[in-house]
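Take a look at the structure below.
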Amino acid sequence: MKVELIEKAAQIVGDNQLLVNIVSKRVQQLNHGSDPFIVTTPEMQCGDIALTEIIEGKITWHEMTPEELAAMAKEIKQRLYAL
């Protein structure tokens with residue numbers, strides 16, 4: 001991956017661990033056949049594509065609040081107990 005893309009995307013995301021997770025998930029999607037949200041060139045690798053998508057605002061994310069996480073955990077428990 002190109003260093004300048006990493007630096008630009010890191011400024012947008014603000015949290016390096018979150019950036020790693022977003023890029024990893026998007027690379028996985030691209031490797032499994034998802035179409036890129038940007039125009040690519042043959043020399044672009046999946047990591048470069050994912051970073052460019054972040055920089056161009058083609059990928060968004062939502063960080064869950066503690067309340068949202070608790071509600072999700074409660075729903076999962078209810079579904080597991082229903083089985």
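No lab work stands behind these numbers, since they all come straight from the coordinates. Fair warning: this is a prediction, and the values are worked out from it, not measured in the lab. Cβ placement follows ideal geometry from the backbone for every residue including glycine, while neighbour counts extend to all protein chains displayed.
Value of Rg to Rh for segment 36-78, rounded to two decimals, is 1.29; Kirkwood radius and Rg both from alpha-carbon coordinates.
In the chain, Rg over Rh equals 1.12, where Rg is the alpha-carbon radius of gyration and Rh the Kirkwood radius from pairwise Cα distances. In whole angstrom, segment 1-44 maps to an equivalent ellipsoid with semi-axes of 19, 14, 8, each derived as √(5λ) from the alpha carbon gyration tensor and ordered largest first.
How far, in degrees from 0 to 90, does helix 3-13 lean away from the longest principal axis of the Cα atoms of the chain, to the nearest 10? The angle comes out near 40 degrees. Candidate cross-link partners of LYS77 among the lysines, defined by an alpha-carbon separation under 27 Å and a same-chain spacing of 8 or more, comprise LYS25.
Charged neighbours of ILE22, selected by a Cβ distance under 10 Å, balance to 0 (K, R count +1; D, E count -1).
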